[in-house]
Amino acid sequence: MKKKYFLNEKDISKFLTDLKGDLERFNFTNENQVIYSIAIEEMLLFCHENKKGSEFTYKSKLKGGLAILSIKINGTEYNPLTGGVGDVFEKMTEKMTIPPKYDYSGENIVTFSLRLHNTFANSLKNSWVYLKPQKKPLIKALLLQVWGFFLSTLAPIYSSRLVATMNRGDTFGLVVTGILVFLVDVFGSWATYFMKRHYNFISQNVLNQMEKDLLEEAVLIKTPVIEKKGTGTFIQRLTTDTTLMADSLIGIVDKGSLLINSMGILIAVLYINPVIFIYVLISQIILFFVENYRNKVSTRKDKNVRRVNDKFFSMVGEVMHGSKDVKLLNCEESMIKRIINVITATNITRCEQNEKNDRFLIIRRTVQHTLDLGLIIILFYALKLEAIVPSVALIIYNYNIGLSGSAQRFGNFLDTLRSFIVSNERIFDIKNEYEFPKENFGNRDFDRPFSGNIELKDVTFAYNHNDLLDRDVKVLKNMSFKIKPGQKAAFVGGSGCGKTTIFNMISCLYNPDDGMILYDNIDIRQLTRASLRNSLVVISQSPYLFNMSIKDNMLLVKGDATDEEIIDACKKACIDDDISSFEHGYDTIIGEGGLNLSGGQRQRLAIARGLLKGCKVILLDEATSALDNVTQKKVQEAIYSLDENMTVVMIAHRLSTVVNADKIFFVKDGKIISEGTHKELLDKCSEYRELYKSETEA
Ligand SMILES: Nc1ncnc2c1ncn2[C@@H]1O[C@H](COP(=O)(O)OP(=O)(O)O)[C@@H](O)[C@H]1O
Ligand SMILES: [Mg+2]
């Protein structure tokens, strides 16, 4: 595509719309589309403001898995990537999941090449992995299909013979042909049945393997990415898309071979009469073109529908999850209003897709009927000129009826192929490192058992990295501290000062932008997943419990735990009495997220679960905030007395809970402004003193 624009604001915005269309066509994520558009817009606006030209030309093409976009600014020789614009592009390259290559090639031309990660060849390669183990049933199914194809070519011949024998009054011939027609039909149907059975079997196996693989990949995705994409993205892709994909994978083979059927019929017509063959062939080609065009339009719409659906799924999940709050806040109406907007958008797109589809269908049918009429006229003249005999005319007519479905089959085939490609892209995106980056671990284990020494060295971190203009809000700023083995440490500070974020760093749920984290003086990026995740246990602010029995929740973290171990952990967390009072005791099912428990019970059960895991370091993030003072003290004492070599780090919601800590860190604005024991801090840190005073007075 090549287009010319004037270098003014109106045309630039027109260009940006075109660009967005292209990027969408090339399958760039929304996020990348935005970053990319902003960067190019910046460049064009700079040229506009500094009167570097009056017009620009935009060209885009696809070449060998690359999207190549070039922008030529007409005017005096000038490199648009110089000055502030160059910096913007540098930032863009840093932040895009697939960084583009860009280059100034003289004559005011800037060229971008962006690698496409999802080509059709890739799709096929990805799916072949799943089809390969199914080779045997696949071959059987294909053989049955060939057999069915052979029978379906015979059918028109025998049916026209049937008519001929009736005309002749040949009773014997009629009976024999009748039996043959019957046999051809019956064998055909049975072949179809067995073929479908095989395909079903294949589809089931493919689906099992694929869903298992994807789930394994999905749980590895980095936490910030999961948070950003929303749950709907994953639910849709792992359920609906995989089913569609398995169905369409089989559909492609199935419908593809129906297409071959049509070719068989065409060959039969060629054999009977070449002139009529040419007519029939041309008719089919015309119909195929119509179908192909229809399909292209549908593909674009289909992608949009599914993208909006992701959002819809997330929202429905949220409403049901937060149903209590929705009721109590009496915000059903406004919540539904928001969702309705998304639903309406989805449905409008879907209806448009259907409407367009139907319009093409009626066009195709009209064309087809006209072409059929043409064939009748040709057959009529052929009969009149005695080029063919009536029974042959009948066979050809029957074949044509058989073929009349083939454009439709071709359409179906394309529809299936489209569904396959769209599903494939969405599914394998999950495996894609660019789109859904996974957690990465090293391959080093501790030389000696982990002693519980934790250190943060100059750690800087921001949650949001989207902002091109670098307005990242740093949550942690050059933070450094050391926690020694066996130490009972605590972090205190105002809400939102970054305490939980410190735990996110220590536990490696998020990675620092700068600086490093050391366990026993080893950079945690070098550690294996097992070394890292088994070194410490985090009991978070709002722990998640699963919709299973209490016992199963405990067994999740330690599969071989005995009943005694489970009960012991629960006793230490002061939850055993509560559990014993439940009708089903440890077999009580606790609901989604532990819905059937009280807030305090949930916290204590999470602590018990953490204790059962048994790690060298335990991190408690306001983990006892919902407990009364007496219970909270008991739980804390139990934790402190577990093992004096165990490192315990607490984030305190009440200062009174940490006055006995060996070391207290006072956090403010992402920095540690003071550290020491309670006494020391009272002496040297006025803000700590004030906080303590306000609490004791209260
Ligand atoms: N997952 C997240 N994504 C984006 N921002 C976050 C996220 N979690 C926390 N923040 C922001 O980081 C800052 C520090 O949060 P946090 O560490 O949770 O504070 P607290 O000290 O209360 O535990 C807050 O301003 C919060 O809004
Ligand atoms: Mg917090």
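The numbers here are math on the coordinates, done by the rules we state, and not lab data. Not measured: the values here are computed from a predicted model. Cβ atoms come from the backbone with ideal geometry, glycine included; neighbour counts cover every protein chain shown.
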Please turn the phi angles of the range 574-587 into ³J(HN,Hα) values with the Karplus equation 6.51 cos²θ - 1.76 cosθ + 1.60 (θ = phi - 60°), one per residue in order, whole Hz, x for glycine and proline.
6, 10, 4, 4, 4, 4, 4, 7, 6, 4, 9, x, 6, 8
Can you run phi through the Karplus equation (6.51, -1.76, 1.60; θ = phi - 60°) for the range 441-452 and list ³J(HN,Hα) in whole Hz, with x for Gly and Pro?
10, x, 10, 9, 9, 5, 5, 10, x, 4, 9, x
Against the 2.2 N^0.38 Å scaling, with N counting residues, where does the range 122-432 land? I'd like the Cα-based Rg ratio to two decimal places.
1.31
Most packed first (mean Cβ within 10 Å per residue), the peptides 457-463, 209-215, 421-427 order as 421-427, 457-463, 209-215
Using only Cα atoms, find the angle between the long axis of helix 135-168 and the longest principal axis of the chain, and express it within 0 to 90 degrees, rounded to the nearest 10.
30 degrees
For the chain, build the convex hull from the C-alpha positions and give me its volume per residue in Å³.
246 Å³
Compute the normalised compactness of the range 508-658: alpha-carbon radius of gyration over 2.2 N^0.38 Å, N being the residue count.
1.07
What do you get for Rg/Rh of the range 388-457 when both radii come from the Cα atoms and Rh is the Kirkwood radius?
1.63
Report, in degrees rounded to the nearest 10, the 0 to 90 angle that the Cα long axis of helix 171-218 makes with the longest principal axis of the chain.
20 degrees
Figure the gain on full extension for Glu592 and Leu361 (residue separation times 0.36 nm, minus the Cα-Cα span) and round it to one decimal in nm.
78.5 nm
Given only helices, namely DSSP H runs of n ≥ 4 each adding -39500 (n - 2.57), what is the per-residue ellipticity at 222 nm of the chain, to the nearest 500 deg cm²/dmol?
-20500 deg cm²/dmol
Would you please classify the overall shape of the range 317-457 from the alpha carbon gyration tensor, given that a ≥ b ≥ c denote the square roots of the eigenvalues, rounded means a/c under 1.5, and beyond that prolate means a/b larger than b/c while oblate covers the rest?
oblate
Calculate the radius of gyration of the Cα atoms of the range 1-87 to one decimal place, then report Dmax, the largest Cα-Cα distance, as a whole number, both in Å.
12.8, 36
Can you give me the angle between helix 30-49 and the longest principal axis of the chain, using Cα atoms only, in degrees from 0 to 90, rounded to the nearest 10?
90 degrees
Let me know the volume per residue of the alpha-carbon convex hull for the range 544-614, in Å³.
71 Å³
Give the share of C-alpha pairs in each 5 angstrom bin for the range 320-378, from 0 to the last occupied bin, in whole percents, shortest bins first.
4, 15, 12, 10, 9, 8, 8, 7, 6, 5, 5, 4, 3, 2, 1, 0
Exceeding the 26 Å Cα-Cα cut-off - candidates Lys222/Lys296; Lys91/Lys303; Lys212/Lys324; Lys132/Lys212; Lys229/Lys613; Lys2/Lys51:
Lys222/Lys296; Lys91/Lys303; Lys212/Lys324; Lys229/Lys613
Length-normalised contact order of the chain in % [C-alpha pairs under 8 Å, at least 6 apart]
11 percent
